[in-house]
1. Please enumerate the residues belonging to the stretch 174-232 that are among the polar types (S, T, N, Q) and either surrounded by 15 or more Cβ atoms within 10 Å (Cβ to Cβ) or within 25 Å of residue 94 (Cα to Cα) (or both).
2. Determine the pairs where a residue that is without any contact (Cβ under 8 Å) to a residue 12 or more places away in the chain, located within the stretch 246-257, has a partner that is assigned to a helix (DSSP H, G or I) and hydroxyl-bearing (Ser, Thr, Tyr) with Cβ atoms under 7 Å apart, the partner being 6 or more residues away or on another chain.
3. Filter the stretch 466-517 for residues that are buried (at least 19 other Cβ atoms within 10 Å of the Cβ) and acidic (Asp, Glu); which is nearest to ligand 2 (Cβ to nearest atom)?
4. Which residue, of 471, 467, is farther than 27 Å from residue 283 by Cα and modelled with pLDDT of 95 or more?
5. If residue 369 satisfies all but one of (1) touching a helix residue (DSSP H, G or I) at 6+ places or on another chain (Cβ under 7 Å); (2) of a type in the set (A, V, I, L, M); (3) closer than 30 Å to residue 44 by Cβ, what's the number of the condition it fails?
6. Please verify whether residue 582 is buried (at least 17 other Cβ atoms within 10 Å of the Cβ), modelled with pLDDT under 95, more than 16 Å from ligand 2 (Cβ to nearest atom) and more than 30 Å from residue 239 (Cβ to Cβ), treating the condition exactly as stated.
7. Scan the stretch 158-180 and give yes if some residue there is within 16 Å of ligand 2 (Cβ to nearest atom), modelled with pLDDT of 95 or more and in a strand (DSSP E or B), otherwise no.
8. Against the definition (under 18 Å from the mean Cα position of the chain (by Cα), farther than 18 Å from residue 240 by Cβ and within 16 Å of ligand 1 (Cβ to nearest atom)), how does residue 537 come out, yes or no?
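The values are calculated or read from the model by the stated rules, or taken from the named source; none is laboratory data. Bear in mind the structure is a predicted one, so any value in this text is a computation, not a measurement. Cβ placement follows ideal geometry from the backbone for every residue including glycine, while neighbour counts extend to all protein chains displayed.
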Amino acid sequence: MNTYPHEYESSLQQPQKFWQQQAQRLHWFTEPTEILRPRADGTADWFVDGELNMAFCALDYHVDNGRADQTALIYDSPVTGQKQAYTYRQLRDEVARFAGLLKKQHVKKGDRVIIYMPMIPQAAIAMLACARLGAVHSVVFGGFAANELAIRIDDAEPKLLITASCGIEVDKVIPYKPLVDKALELAAKPPQHVLVWQREQCQAELQLPRDCDWQQALAGVTPAECATMQATDPLYILYTSGTTGKPKGVVRDTGGYATALLYSMRTVYGIQPGQVMFVASDVGWVVGHSYIVYGPLLAGATTILYEGKPVRTPDAGAFWRVCEDYQVNVLFSAPTAFRAIKKEDPQAQLLKHYNLSHLQRIYMAGERLDPATLQWTQGVTGKPVYDHWWQTESGWPICANPVGIAEYPVKPGSSTLPVPGYDVRILATDGSELGANEQGAVAIKLPLPPGCLTSIWRNEARFNAGYLREYAGFYSSGDGGYKDDDGYVYIMGRTDDVINVAGHRLSTGEMEEVLAMDPAVAECAVIAVADDLKGQVPLGLVIVKDGVDIAPEDLSQRLIQRVRDEIGAVACLRQVHVVSKLPKTRSGKILRRLLRQLADGEPQLYVPSTIDDPGCVAELQQQLGR
Ligand code: COA
Ligand code: AMP
């Protein structure tokens, strides 16, 4: 039955009633009665007088209600050959014990804890243990370098940092501890203690008494109880790239997030308790927070924590193997992962070795799902494939095919319809609303539904300036797009300096800051260019200072290494060109769109009349070899 139109309307017309009903599906210590409290800036606080604990809802509740022996989490690691399953009871007990250890380390409600971990169960255990105690976790993706970790440390001011001795990238062991040590040296406000999970692939050297061995320290620890949290208490801070060098600490509340995730598990993913969800991402990204850790557990489902890649671990059949092994019902990853599979196994020969009869649906997000990848995945698997659009800031899907309450035909290039709770509008630069098929800024009418960011950590001004100021009464998503005649939403890409590289969100502004620090660089620009596998990749263009004598190839290599050292391997800056000029307007603004067209070798260039030196276009074309 199609209940979407009714559900969507009531979510916007009677948000209090709608979300109160959704919240009733959760276990609260104190049920909320004040559902929505408007703030002066147009946003809102949700379930303000409700009390709950996220880890209780995700684990204890299920242990107490018949799911104690059901599998909660499966760790599957082709890079180490390990597989391990945890029942809800086992996971709850591990989390309670680790929370006891955090308590012994003097971590208490409201303290921040940074988690810098690879994709091992201990990462999820650490997150859930923080939630159990009421400490605010901030997970930092393992592909970020020491400097990025230090920036996050100084912003979050954690009491404790939790790490593992190493990560494993296909067959490369990446020691984490030297990166952590360096980050602590760089940080102005380093935490006093570091807890280290030692992996057999690499033993980390501990600096006593600052560092502590997780396994040894657990001996004799008393498990901790769940703290009672206000719905509005922060559960986590997740840093994401903005337009400047300083990442934004997206703050997520507890009660709104739990309610929204549980709602989305049913409505967007159609997951029933006991079903299996395989989200091939990383706990360092929002996808990992919402749908590897919290969402599936809140729903009483089984989640898979996969330490591997879509290809090379060992081959392009890796996802299909996991789907068969664990009778996966829903698979979710980034389009880039499926493009990688398609590139290595275009005829999907490997897929034929696996039984995908339990797989009901495949989801993709993190970047636009290009029609070719959609069609290929549909074709080879014979399963419905859904694009859905969301952001670190939203925490859960904004536009999706709401399969749990209705099924709409898939239109390639569209992430389908706004999810109940989200009033999505397309706006012109003057803030007026655009009609069907007119492209503009994608904005969401305030208040945002539960689960979305409540602020930027200790930076209300940046929250206001970054999201609320551009269009009065709306949240600006930073994406451009349009709606068609049927109300389907098409997201066409960012309108700011944020880029998406292999589903990883990065800032070109941040890369420019790193390049500009080099003593040889007078001016620079980093733009995103199209890439068949990764969707986009960054490309650097630099002008050398007068009088500096350095071979362009040497400078290029030095700058590439600089970005790798400062931001991390994940930045994927592989090309830096030394050029003599950058195209600018007469007022000195770099013409980035023109640069992108030049770098992509587009035959039809749009050269604005405001360009100060039209001659530089041909010169650049030559220098870029286009
Ligand atoms: N820790 C340390 N290093 C990491 C890392 C981590 N967690 N993740 C990535 N890196 C490194 C890689 O090893 C690589 O290093 P290299 O330059 O020395 O080779 C670099 O960062 C770039 O990684 P990546 O962009 O992932 O490229 P890849 O070639 O290793 O893999 C894909 C390509 C498409 C297979 C991979 O990017 C992928 O699976 N993407 C899906 C992303 C995703 O899940 N996004 C979340 C949204 S759903
Ligand atoms: P992140 O915060 O890392 O989740 O990245 C969010 C950004 O990724 C969005 O603002 C979009 O630019 C892009 N994005 C995510 N999902 C999609 C999608 N399904 N279609 C188009 N763009 C997407």
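1. 192, 198, 201, 203, 215, 216, 222, 228, 230, 232
2. Close Cβ pairs (under 7 Å, with a partner that is assigned to a helix (DSSP H, G or I) and hydroxyl-bearing (Ser, Thr, Tyr)) do not exist here.
3. Selected residue: 479.
4. Being farther than 27 Å from residue 283 by Cα and modelled with pLDDT of 95 or more holds for just one of 471, 467, which is 471.
5. Against the list (1) touching a helix residue (DSSP H, G or I) at 6+ places or on another chain (Cβ under 7 Å); (2) of a type in the set (A, V, I, L, M); (3) closer than 30 Å to residue 44 by Cβ, residue 369 comes up short only on (3).
6. Taking the combined requirement at face value, the residue does not satisfy it.
7. No, there is no match, as no residue in the stretch 158-180 is within 16 Å of ligand 2 (Cβ to nearest atom), modelled with pLDDT of 95 or more and in a strand (DSSP E or B).
8. Here the answer is yes, as residue 537 does meet what is asked.
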